[in-house]
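The values are calculated or read from the model by the stated rules, or taken from the named source; none is laboratory data. The model shown is predicted, which means the values in this text are computed figures rather than measured ones. So basically every Cβ, Gly included, is an ideal-geometry build from the backbone, and we count neighbours across all protein chains shown.
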Amino acid sequence: MLIRGLVGAAIGILGGAGAGALTFGWDASMAVGSSFIGPTRGWWPLAATAGAAGGAVFGLILG
């Protein structure tokens, strides 16, 4: 039973992290804007990391 729970949690973490990273990263890479730091199009790695972290937490909760 413990192994099943751990496998479910791992699948939830990986699935959520992957979905979050792809969604947030793709959205940021398609952005056309700028700020005082520079163009926002280059921020997709930061957005992908934030999406992966949020997706992993959400996947762990549901997994």
Quiz item: Going by the structure shown, is Gly55 buried (at least 19 other Cβ atoms within 10 Å of the Cβ), under 26 Å from Leu2 (Cβ atoms), modelled with pLDDT of 85 or more and under 16 Å from the mean Cα position of the chain (by Cα)?
Solution: yes
Practice problem: Could you give me the residue pairs with C-beta distances under 9 Å whose first residue belongs to the stretch 18-31 and is closer than 8 Å to Gly51 by Cα, whose second residue is loosely packed, with under 15 Cβ neighbours inside 10 Å and not aliphatic (A, V, I, L, M) wherever it lies, and which are 6+ apart or on separate chains? | Solution: Gly25/Pro45
Quiz prompt | Within the stretch 32-48, considering residues that are farther than 26 Å from Leu14 by Cβ and touching a helix residue (DSSP H, G or I) at 6+ places or on another chain (Cβ under 8 Å), the one surrounded by the fewest Cβ atoms within 10 Å (Cβ to Cβ) | solution = Val32
Quiz item: What number of residues in the stretch 1-54 are in contact with an Asp or Glu (Cβ under 9 Å, 6 or more places away or on another chain) and of a type in the set (Gly, Ala, Ser)?
Solution: 2
Exercise. Only residues that are closer than 25 Å to Val57 by Cβ and either touching a Ser or Thr at 6+ places or on another chain (Cβ under 8 Å) or of a type outside the set (A, V, I, L, M, F, W, C) (or both): list them for the stretch 29-43, please.
Key: Ser29, Ala31, Thr40
Quiz prompt | Cβ-Cβ under 9 Å pairs, at least 6 apart or on other chains, the stretch 36-63 side in a strand (DSSP E or B), far side of a type in the set (A, V, I, L, M) | solution = Pro39/Ala31; Pro39/Val32
Practice problem: Report yes if some residue within the stretch 10-28 is touching a Phe, Trp or Tyr at 6+ places or on another chain (Cβ under 7 Å) and either under 15 Å from Ile61 (Cα atoms) or surrounded by fewer than 15 Cβ atoms within 10 Å (Cβ to Cβ) (or both); otherwise report no. | Solution: yes
Practice problem: Could you check Gly5 against (1) of a type outside the set (Phe, Trp, Tyr); (2) surrounded by 15 or more Cβ atoms within 10 Å (Cβ to Cβ); (3) modelled with pLDDT under 85 and say which number it fails? | Solution: (2)
